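The values are calculated or read from the model by the stated rules, or taken from the named source; none is laboratory data. Just so you know, these numbers come straight off a predicted model, no measurement behind them. Please note: Cβ atoms are built from the backbone with ideal geometry, for glycine as well, and neighbour counts cover all protein chains shown.
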Amino acid sequence: MSTPLTIKNLPFVCVRLNDADFKDVAAIYVIICVSESGSWKVIDVGQSGQLGTRIDDHPRMDCWKNNCPSGNIWVCIYKTPTADMTKDQRLALEKELRDFYKPNCGDR
């Protein structure tokens, strides 16, 4: 089951990490930790031209788990088809989101 979420004025679609089964599409992804009260915090931001492969075997997954005490980790995606956004534009948007949220995981 997916849930829409607006992150910095962009329409993301979110699913629990355990339920994530993405195709290899170009996208910006935001990893959030949802607390027991329902509030959420961005713990990572990234981009990929092959989202499914990237999320399935992500090298920062341990960091996500270490920075989410509730264990309720969600992956939120904003699709960025190459017809609409180049890799450089995806990288710029990733940087903008990282600068805004200052996530604990990853360093760009």
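With respect to the stated conditions, residue 48 fails to be surrounded by fewer than 17 Cβ atoms within 10 Å (Cβ to Cβ) and either out of contact with any Pro (no Cβ under 7 Å at 6 or more places or on another chain) or not aromatic (Phe, Trp, Tyr) (or both).
Would you please name the residue that is farthest from residue 34 (Cα to Cα), looking only at residues in region 83-108 that are assigned to a loop (DSSP other than H, G, I, E, B) and within 12 Å of the chain's Cα centre (by Cα)?
Going residue by residue through region 83-108, those that are assigned to a loop (DSSP other than H, G, I, E, B) are 83-86, 102-108.
Pick out the ones that are also within 12 Å of the chain's Cα centre (by Cα) and you get 103, 105-106.
Values: 103: 14, 105: 15, 106: 19 Å.
So the residue we want is 106.
Taking region 23-82 and the strands (runs of 3 or more DSSP E) fully enclosed by it, the elements with 2 or more residues that are touching a Ser or Thr at 6+ places or on another chain (Cβ under 7 Å) are at 27-34. Do we have any residue at all in region 32-44 that's farther than 14 Å from residue 104 by Cβ, surrounded by 22 or more Cβ atoms within 10 Å (Cβ to Cβ) and not aromatic (Phe, Trp, Tyr)? No: zero hits. For residues in region 7-23 being more than 11 Å from the chain's Cα centre (by Cα) and either at pLDDT 95 or above or closer than 16 Å to residue 85 by Cβ (or both), which is surrounded by the fewest Cβ atoms within 10 Å (Cβ to Cβ)? This residue is 9.
Restricting the first member to region 46-74 and to residues that are touching a residue at least 60 places away in the same chain (Cβ under 8 Å), and the second to residues that are exposed (fewer than 15 other Cβ atoms within 10 Å of the Cβ), the beta-carbon pairs closer than 8 Å and six or more apart or on different chains are 74/3; 74/16.
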